[in-house]
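The values are calculated or read from the model by the stated rules, or taken from the named source; none is laboratory data. Nothing here was measured: the structure is a model prediction, and the numbers come from that model. Note that we place each Cβ from the backbone using ideal geometry, even for glycine, and neighbour counts take in every protein chain shown. Side chains included, ligands, DNA and RNA excluded: accessible areas come from the protein's heavy atoms. Shrake-Rupley method; radii C 1.70, N 1.55, O 1.52, S 1.80 Å.
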Amino acid sequence: LTKEEASKNGIDNFSRSLLVLPSGEIWVATQSSGIVVLGKDKKIIRNIRQPLPAGIEHLNTDNKGRIWAATFGGLYVMDSRAEKIEKLTQVALNDAANKYNYILQLNDGRMLAASNSGLQTITEKNGKFSVSFLKTGKDNDVYLTLYQNKKGLLYLSRAFKGFFTGIADGDTVVNQKDHPSKSSIKCFSFENDSTLWIGSTVGLIKFNEKTQ
């Protein structure tokens, strides 16, 4: 999406997240223009705005093919046509805990969301969602991005504090190892079973899971 195309369609060209669906569609989360959906030819096919707020930070899918949006105005879930968009009930009066930076699906099927004040899990039962806090011992920190490997180990990054690893056990994360840093981790990407690439505010870091 070029600057000219964005301007022509009245779309903010500043995006935080891209999501490629199996259909070939590309969903682009913008800061003030909702979600822009591009077709296989990279042309805009629709723009999803209402009821989404400004500040869409991250998009992800679950194993049912639904799209989840972590935003600064709450958590949203929708079908792949965005014909039904649901906002999840807030879990705290603390406004920071309702500003979300990232969301993923855990190996056990629950969704895990990173907020500006702790982590939250989302469980679905009989078509209804319930949201609860996940205890980490670092509950009020700003969580930025998340990753879980096939063995269940979580990588959890916090603003200006690096990251730590742990295992989700019910409503608690059992901490494994802390990797403190004054930088903020923006992205985790595994190359293989042991090599992890980390995108941070101080540059790209190559991390060996087995030796570090």
Which pairs break 28 Å Cα to Cα here: Lys8/Lys64; Lys99/Lys138; Lys84/Lys125; Lys8/Lys99?
Lys8/Lys64; Lys8/Lys99
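Can you give the accessible area per residue of the chain, in Å², using a 1.4 Å probe?
52 Å²
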Rh (Kirkwood, all Cα-Cα pairs) for the stretch 141-212, Å, reads 12.3 Å
Would you work out the Kirkwood radius for the stretch 85-147? I mean one over the mean of 1/r across all pairs of different Cα atoms, in Å.
11.9 Å
Relative to the Cα centre, what is the charge dipole magnitude of the chain, using +1 at the beta carbon of each Lys and Arg, -1 at the beta carbon of each Asp and Glu, and rounding to the nearest 20 debye?
180 debye
For the chain, what % of the accessible area comes from carbon and sulfur atoms, probe 1.4 Å?
50 percent
All aspartates and glutamates inside 14 Å of Lys186 as judged from Cα atoms, apart from same-chain residues fewer than 8 positions distant
Glu57
Which of (1) 33, 23, 20; (2) 28, 21, 16; (3) 33, 19, 14 gives semi-axes √(5λ) of the Cα gyration tensor in Å as computed here? It is (2)
Let me know the charge dipole size of the stretch 124-212 about its Cα centre in debye, to the nearest 20, where only the beta-carbon of Lys, Arg (+1) and Asp, Glu (-1) is charged.
120 debye
